[in-house]
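Notes follow once the structure below has been shown.
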Amino acid sequence: MLQDKRSNLANLFVGAENQLIPLTNYGVKTMSMGYLVPPSQAVVWRGLMVQKALQQLLHEVDWGGLDVLVLDLPPGTGDTQLTITQQIELDGAVIVSTPQDLALRDAVKGITMFRKVDVALLGMVQNMSVFVCPGCGERTHIFGREGARREAEASGIELLGDVPLDVRICDDADRGRPTVVAEPGSERAKAFMEIARKVGEKIGL
Ligand SMILES: [Zn+2]
């Protein structure tokens, strides 16, 4: 169903000013490489193609005025990340990592890169920090317990919050209902809201 929808999107995208029209849900506008590439194709563009796609995502989308623009970047410190820091003025960066050592190494590289290019570090989010078994409620720290918290402390940045590994976050997303809408009173929704509140405060929203 989702795939059918996506393959038709190309026709819907371009507005009057020849700009891409973002998709909107619950007042949140989104634009993604995933919308521009057929679902069965992987994005393996390099160099100029990446630059061109970034140019389009950053400058040729009809956002129509926003409170905040969040850029979800892949881990790493390559062309994509550097181009973004060069092309637009960022209020800051939020580093998201699981508590696992391997993931934390990428996180540290990200922290170093943002410091080098003078982008403020708003804080760190510890993702998938605890798995609560839907059957018995037992809590398991699959990727380790407090790795991201320790790294945030070592790097001198604030830990903004913990997002649990919860199958319902995935289910909610698949149904097109973000977890903060699907069950606003839940522990997992509160985790997202608290992180958003802290980031909002830091960037003066
Ligand atoms: Zn269990």
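Would you be able to say whether some residue in the range 153-164 is within 16 Å of the ligand (Cβ to nearest atom) and within 17 Å of the chain's Cα centre (by Cα)?
For the range 153-164, residues within 16 Å of the ligand (Cβ to nearest atom) and within 17 Å of the chain's Cα centre (by Cα): present.
Cβ-Cβ under 8 Å, sequence separation 6+ or interchain: first residue in the range 132-158 and under 22 Å from residue 187 (Cα atoms) and of a type outside the set (Gly, Ala, Ser), partner within 13 Å of the ligand (Cβ to nearest atom) and open to solvent by 70 Å² or more (accessible area, probe 1.4 Å). Which pairs?
Close Cβ pairs satisfying both conditions: 132/138; 132/139; 133/139; 134/167.
For the range 53-68, give me each residue that is under 17 Å from residue 34 (Cβ atoms) and either modelled with pLDDT of 90 or more or among the acidic types (Asp, Glu) (or both).
60, 61
State all residues of the range 1-25 that are outside any loop (DSSP other than H, G, I, E, B) and at pLDDT 75 or above; if no residue qualifies, say none.
Of everything in the range 1-25, those that are outside any loop (DSSP other than H, G, I, E, B) and at pLDDT 75 or above turn out to be 20, 23, 24, 25.
Considering only residues that are in contact with a helix residue (DSSP H, G or I) (Cβ under 8 Å, 6 or more places away or on another chain) and of a type outside the set (Gly, Ala, Ser), which ones fall in the range 132-153?
Correct list: 134, 143, 151.
Quick check on the range 26-40. Is at least one of its residues open to solvent by 70 Å² or more (accessible area, probe 1.4 Å), assigned to a helix (DSSP H, G or I), modelled with pLDDT of 80 or more and out of contact with any Asp or Glu (no Cβ under 6 Å at 6 or more places or on another chain)?
So far as the range 26-40 goes, no, none of its residues is open to solvent by 70 Å² or more (accessible area, probe 1.4 Å), assigned to a helix (DSSP H, G or I), modelled with pLDDT of 80 or more and out of contact with any Asp or Glu (no Cβ under 6 Å at 6 or more places or on another chain).
Go through (1) outside any loop (DSSP other than H, G, I, E, B); (2) at pLDDT below 90; (3) away from the ligand (no atom under 16 Å from the Cβ) one by one and return the number of the condition residue 176 breaks.
Evaluating residue 176 over (1) outside any loop (DSSP other than H, G, I, E, B); (2) at pLDDT below 90; (3) away from the ligand (no atom under 16 Å from the Cβ) leaves (1) as the failure.
Can you report the number of residues in the range 96-146 which are at positive phi, away from the ligand (no atom under 16 Å from the Cβ) and open to solvent by 20 Å² or more (accessible area, probe 1.4 Å)?
Going through the range 96-146 one residue at a time, the tally reaches 3.
Given the criteria in contact (Cβ under 8 Å) with a residue 24 or more places away in the chain and either within 25 Å of residue 194 (Cβ to Cβ) or more than 16 Å from the ligand (Cβ to nearest atom) (or both), does residue 78 qualify?
Answer is no for this residue.
The values are calculated or read from the model by the stated rules, or taken from the named source; none is laboratory data. All figures in this text were calculated on a predicted structure; none of them were measured in a lab. Cβ atoms come from the backbone with ideal geometry, glycine included; neighbour counts cover every protein chain shown. Just the protein is used for accessible areas: all its heavy atoms, side chains included, with ligands, DNA and RNA removed. Shrake-Rupley method; radii C 1.70, N 1.55, O 1.52, S 1.80 Å.
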